[in-house]
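A.B. asks: Structure provided below as C-alpha cells; questions to follow.
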Amino acid sequence: MERDCLGRRRQPNQERGLRPLHPLLPEEWTSKALRVAMSEEDWRRFEALVRTAVAQSPTLARAQGIVLAHLIDRAAAAPPAPGPLDWMDWERQKTLRLLDRMH
C-alpha cells in the first residue's frame with residue numbers, strides 16, 4: 001500500500017487525492033476536456049439549456065454533455081435544406097439574397 005505526501009494510505013487504483021471528486025460515469029460515457037469559443041449570446045443560450053438539464057444530472061459536466069448530445073441529435077435529425085428544383089428557383093433565391101444585402 002502506497003502513501004501520499006501527508007502519509008495517508010492510497011488504494012492501488014487511486015491516482016491522486018483520497019476520494020473521487022465526481023460520481024463514476026456510466027459505462028458508455030467518456031469524459032474529455034473541451035475548449036469552446038462562442039459569442040456571448042450563444043453562451044447565454046447554451047447555459048440556459050444546461051440549467052434545465054442540471055435537474056436530471058448529478059454534475060454540471062454531465063448536464064453540459066446531455067445538452068450537447070441533444071443538440072447533435074437534433075442537428076442529425078433535421079432534414080437537409082432542399083436544393084433548387086430548377087434554374088428558375090435558383091434565380092429567385094439569388095435575387096432574394098441580393099435584395100437582402102441591399103437592405
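The values are calculated or read from the model by the stated rules, or taken from the named source; none is laboratory data. None of these values were measured; they are calculated from a predicted model. Reconstructed Cβ throughout: ideal geometry from the backbone, glycine too, with neighbour counts over all protein chains shown.
A.B. asks: Is it the case that the stretch 86-99 has a residue that's hydrophobic (A, V, I, L, M, F, W, C), modelled with pLDDT under 90 and either surrounded by 11 or more Cβ atoms within 10 Å (Cβ to Cβ) or within 32 Å of the chain's Cα centre (by Cα) (or both)?
C.D. replies: yes
A.B. asks: Right, another one. If you go through the stretch 59-103, how many residues are in a loop (DSSP other than H, G, I, E, B) and closer than 28 Å to His22 by Cβ?
C.D. replies: Residues meeting the conditions: 1.
A.B. asks: Quick test for you: out of Ser39, Ser57, Ser31, pick the one residue that is touching a Leu at 6+ places or on another chain (Cβ under 9 Å) and among the polar types (S, T, N, Q).
C.D. replies: The match here is Ser31.
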